[in-house]
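First comes the structure, then the notes that go with it.
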Amino acid sequence: MTAPEETADDTVGPHRTAGPAPAREDRERLPGPYLWWLAAILVSLAGNAVFSFALGWSASAYGGGVAGLVLSAVTLPRVLLLLVGGAVSDRAGARRVLITGDAAMLAFSLVLAAVAHRLGTPPWLLIATGVAVGVVDAFYLPASGTMPRRLVDARQLPRALSLRQAGGQLTGMGAGPLGGVLAGLAGLVGAALANAGTFAVTLIVLALVRPREGSGPPPPPRRARLFRDAADGVRVAFSHPVLRPALCLTGCAAGFLLPVPALLIPLSARAHGWDAGTAGLVIGAQGAGMVAVTLLVVRRGPLGRPGLLSAAALVLAGTGVLALALAPGAPVAVAAGLLIGVGNGTFSSHIAPLILAAAPESHLSRVQAVLVLVQSVALLCMNGALGSFAGTAGPTAALTLCAAVLAAIGLAALSSRPLRTDRTGLRKQRYSAS
């Protein structure tokens, strides 16, 4: 696979031509098919969040060992099959994979509700459910990640993905309490039925929404092997001058930034003697900073060169993490959480469209599979490592380590000229079929 060509305006991407754009062209309303698809995805995310809570709650009744097995049952097949899932999506088409995945999960959710109603929630059923969810996710996530590029123009990708991210954040904030209420009232049966309803909605929307003409993948060679296709996705991703540093940045953020709110803020709060409400305020400030930046990008488009801003954003987030580590009291910690959120939001809203736009048309789903795999592996490794390090050296030391790594990686990324100079989404761009 040859590397994407650069155009005269320094954009990097597959078969891309550039031309002058009207002053407000990148602020045109997002296409209707994308908005319908996004609405369906957010409904599905809410259903997944409710179901995940109910699954974890049911597993917790059997103790930490079973709860850990159920979580691993979801994660392990997802990680093992992601590359294969990306290759299948590039072969068969993302929309077809998504329709198949939604139909499978709709049927599985109904069967699960019936079985759980009759037998209850024995551990073997919870573990089997986790495996089923992880397998479908391995095929669904790479295909779903390519849909924005198949439904919107390249210049609108930053706004489209930021809207998706902001919607996901807000959905997650509301779905947690809803999951607790539903799990208390109807248990896993009710959550499974609610999840089935969201899959039905998504399935109907996908049946009506069609990708833009010319955005589908070329037919693969008949003799091509599936696992060779999967490996080729890794080769293309890590040989591409923009994708390689962008994926490394994403892995760093997943390993050293994502564990901060989920793992290190609660540990730090306990070490300082703060109550759960204070820890929640710090995490909430981080979420507010993320949502504020992503909504700004939705309104105005990208704030500058995406690679340059992504690298700088990691430095900013690292500064916020350091401020959190050194915070003498709760008010400073909340302010540090807001700064972390601004850095995280700036990074996410610029690196995601950069990776999606730079991916070759023939490898869209495989590159998305590599992206999810990089994040999943980094998070799996660093959650345990940072937890152990915080247990021995203290949460302040763990936060300081995260801050140092984030700042160092962000500064190092500025040495990548293709990443630093890429102008994805800043001017009118057009994709042609491969």
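Which condition number in (1) touching a Lys or Arg at 6+ places or on another chain (Cβ under 6 Å); (2) without any contact (Cβ under 8 Å) to a residue 12 or more places away in the chain; (3) of a type outside the set (Ser, Thr, Tyr) is the one that ALA385 fails?
(1)
Residues being open to solvent by less than 40 Å² (accessible area, probe 1.4 Å), among the small types (Gly, Ala, Ser) and part of a helix (DSSP H, G or I): count how many of those fall in the range 385-419.
Looking only at that region, the number is 8.
Give me a count of the residues in the range 298-317 that are surrounded by 24 or more Cβ atoms within 10 Å (Cβ to Cβ) and at pLDDT below 90.
2
Checking the structure you have, find out if any residue of the range 320-338 is assigned to a helix (DSSP H, G or I), touching a strand residue (DSSP E or B) at 6+ places or on another chain (Cβ under 6 Å), buried (at least 18 other Cβ atoms within 10 Å of the Cβ) and of a type in the set (Gly, Ala, Ser).
no
Looking only at the range 52-93, count how many residues are closer than 26 Å to VAL209 by Cβ and either open to solvent by less than 40 Å² (accessible area, probe 1.4 Å) or over 19 Å from the mean Cα position of the chain (by Cα) (or both).
Summing the residues that are closer than 26 Å to VAL209 by Cβ and either open to solvent by less than 40 Å² (accessible area, probe 1.4 Å) or over 19 Å from the mean Cα position of the chain (by Cα) (or both) in the range 52-93 gives 11.
Working only within the range 282-297, note down all residues that are at pLDDT below 85 and more than 18 Å from the chain's Cα centre (by Cα).
ILE283, GLY284
In the range 233-266, which residue that is surrounded by 24 or more Cβ atoms within 10 Å (Cβ to Cβ) and assigned to a loop (DSSP other than H, G, I, E, B) is nearest to the chain's Cα centre (by Cα)?
Here the residue is LEU257.
Of the residues ARG24, ARG118, ARG29, ARG96, only one is open to solvent by 30 Å² or more (accessible area, probe 1.4 Å), more than 27 Å from VAL374 (Cα to Cα) and either touching a Lys or Arg at 6+ places or on another chain (Cβ under 6 Å) or modelled with pLDDT of 90 or more (or both); which?
Criteria check complete, one pass: ARG118.
The conditions are (1) touching a residue at least 40 places away in the same chain (Cβ under 8 Å); (2) farther than 30 Å from GLY304 by Cα, and VAL136 fails exactly one of them. Which is it?
(1)
The values are calculated or read from the model by the stated rules, or taken from the named source; none is laboratory data. Note that the structure is a prediction, hence the values are computed from the model and not measured. Heads up, the Cβs are rebuilt from the backbone with ideal geometry, glycines too, and the neighbour counts pull from every protein chain shown. Heavy atoms of the whole protein, side chains included, go into the accessibility calculation; ligands, DNA and RNA do not. Shrake-Rupley method; radii C 1.70, N 1.55, O 1.52, S 1.80 Å.
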